[in-house]
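Here is the structure we will look at, set down as structure tokens.
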Ligand code: PNS
């Protein structure tokens, strides 16, 4: 008799402020392995985000619309509680460099304790995304440089416009004309 197959659900958590090509690569690769991937825009109370959780969800939905098994949600609580309540068995994260490891290792151990039924799985980032981060994208756009090649083309203008506005507002406040 065939064993009853259970849907394998993974959660891809992050701040995604904003989503980068590196994130999209990890989401695509997770979607190829799992039946369902829930991209979770976590609310980190210690960070001041540039985009609201709803804007971040919207941007990720735009860039994953071709992936039918990907859903996008936001949640203000613990990742482990979200994973448990959605019946997920994996937390998928991208690992860029050794510098990511200590923090990710700590998180993985804490999440295993809080939610023993889920495994944290690290996907090694593609070499071209090794250096890429949301904060780097924000800095490049802030100083007026093109962010093509760092973020998906469909949301590039939206990200650049927000950051340029912020940069202009900051300069106005400081009495800088440019
Ligand atoms: O993109 P980031 O900032 O590296 O993502 C970190 C994130 C969102 C995965 C992490 O901050 C998170 O899961 N926050 C939710 C709260 C939580 O579960 N914290 C860990 C307790 S051990």
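Derivation of every value follows stated rules applied to the coordinates shown; laboratory data play no part. This structure is a prediction, so every number in the text was calculated from the model and none was measured. When we count neighbours, we look across all protein chains shown, and the Cβ atoms used for this are built from the backbone with ideal geometry, even at glycine.
Here are the numbers for the structure shown:
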{"read-out": "Ranked list, fewest to most other Cβ atoms within 10 Å of each Cβ, for 83, 37", "value": "83, 37"}
{"read-out": "Rel. contact order, % - alpha carbon contacts under 8 angstrom, at least six apart, the range 95-178", "value": "22"}
{"read-out": "Degrees between helix 153-173 axis and first principal axis of the chain (Cα, 0 to 90, nearest 10)", "value": "50"}
{"read-out": "Exposure proxy ranking, count of Cβ atoms within 10 Å, fewest first, for 39, 63", "value": "63, 39"}
{"read-out": "The range 55-113: C-alpha gyration tensor shape, a/c 1.5 cut-off, then a/b vs b/c", "value": "oblate"}
{"read-out": "Whether the range 9-87 is rounded, prolate or oblate, judged on the alpha carbon gyration tensor where a/c under 1.5 counts as rounded", "value": "oblate"}
{"read-out": "Degrees, to the nearest 10: 98-114 long Cα axis against longest axis of the chain", "value": "50"}
{"read-out": "Contact order normalised by residue count of the chain, Cα under 8 Å, 6+ apart, percent", "value": "25"}
{"read-out": "Relative contact order, percent, the range 1-70 [alpha-carbon distance under 8 Å, six or more residues apart]", "value": "39"}
{"read-out": "Separation between Cα centres of the range 30-69 and the range 107-143, rounded to whole Å", "value": "13"}
{"read-out": "Footprinting exposure proxy for 27, 140 (fewest neighbouring C-beta atoms within 10 Å first)", "value": "140, 27"}
